[in-house]
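Okay, so here's the structure we're looking at.
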Amino acid sequence: MDVVLIVVFALFGTAVGSFLNVCIDRLPAGKSLVYPPSHCDACQRRLSLKDLIPIFSYLWLRRRCRYCQAPIPQRVFWVEAGSGLLFAFLYWYCGLSIELAVTAFYCCLFVVLGVIDLEHKLILNKITYPAVAVALIILAIDSFLPEPGLFSNLIFLPEPRILSGVIGGAIGFVLLLIIALVSRGGMGWGDVKMAGLIGLVTGFPLVFVALFMGVILGGLVAGILLLLKIKKRKEPIPFGSFLSLGAITTLLWGSDILNWYLGLF
Ligand SMILES: [Zn+2]
């Protein structure tokens, strides 16, 4: 394993993270991703190339706009640094492969969905719907490839893999639909559709691992926040953020987690 390539992937990851920040900033506001070019939201000044260097510009500028001193949200730093670490890890984990590209794509997708839900309590259809289409295309391509296909970590996907993906999607959708109906407002339509997407991506039976982790984690955190009176009962919980965590964890270690769990019995 080449250390230089790990560093290259880390740097590439911070640049991707910088683009994910643009998606997180602009998609909920209904703005275009490409126009206008990067600018400060407070003073509208266009950012120069040196303002756009991921992580470093944030640190150099001491978390403020160079021109108007408006604070830059901490999230910008965390998404860039997190994406850098994630890409370095993914290269180390998957090696140079199609699996690396597909896993990285899905991880980025769930980072954007998760952070937007955390900040706006929103899961955007304009992300979920195209993502479902892309997931179906990836599944279709995967069905033509020999074992283990695109995801060596998702080898639990029984054959034919496209069917297992579609069944996973249906299970995710129906399961969270039931939870949404029972909890009456604890979970929204956005979460239900996102669970369908997660099922498509992880397939049957790993969809259970992903959703179980998301729902348990979300429920735990919500319970603790309620107990400590940090949140009121009626305040919405960003379940999509927890579902994202569950999905990313499952993409990386889903088979291991399921094997470990089944080994308990
Ligand atoms: Zn500014």
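The values are calculated or read from the model by the stated rules, or taken from the named source; none is laboratory data. No experiment lies behind these values; they were computed from the predicted model shown. With ideal geometry, Cβ positions are generated from the backbone for all residues, glycine too; neighbour counts draw on all protein chains shown.
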(request) Look at region 12-32 and say how many of its residues are loosely packed, with under 14 Cβ neighbours inside 10 Å and closer than 24 Å to Ser97 by Cβ. (result) 0
(request) Select, from Ala15, Ala70, the only residue that is of a type in the set (Gly, Ala, Ser) and within 14 Å of the ligand (Cβ to nearest atom). (result) Ala70
(message) When you scan region 126-143, do you find a residue that is β-branched (Val, Ile, Thr) and more than 19 Å from Leu163 (Cβ to Cβ), even just one?
(response) yes
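Does at least one position in region 76-83 carry a residue that is within 20 Å of the chain's Cα centre (by Cα) and within 16 Å of the ligand (Cβ to nearest atom)?
yes
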(request) Those residues that are crowded, with 20+ Cβ neighbours inside 10 Å and of a type in the set (A, V, I, L, M, F, W, C), I need them from region 113-123; list them, please. (result) Leu113, Val115, Ile116, Ile123
(message) Quick check on my filter: what residues within region 93-125 are of a type in the set (Lys, Arg) and touching a Lys or Arg at 6+ places or on another chain (Cβ under 9 Å)?
(response) none
(message) From the list Ser241, Ser255, exactly one residue is small (Gly, Ala, Ser), crowded, with 17+ Cβ neighbours inside 10 Å and more than 17 Å from Val115 (Cα to Cα). Which is it?
(response) Ser255
(request) Considering only region 76-96, state which residues are buried (at least 16 other Cβ atoms within 10 Å of the Cβ) and either under 18 Å from Val112 (Cα atoms) or of a type in the set (Asp, Glu) (or both). (result) Val76, Phe77, Val79, Glu80, Ala81, Gly82, Ser83, Gly84, Leu86, Phe87, Leu90
(message) Condition (residue is free of Cβ contacts under 8 Å to residues at least 24 places away in the same chain and part of a helix (DSSP H, G or I)) applied to region 226-239: is it met by at least one residue?
(response) yes
(message) Can you tell me which condition Gly169 does not meet? The list is (1) modelled with pLDDT under 95; (2) in contact with a helix residue (DSSP H, G or I) (Cβ under 6 Å, 6 or more places away or on another chain); (3) not hydroxyl-bearing (Ser, Thr, Tyr), and all the others hold.
(response) (1)
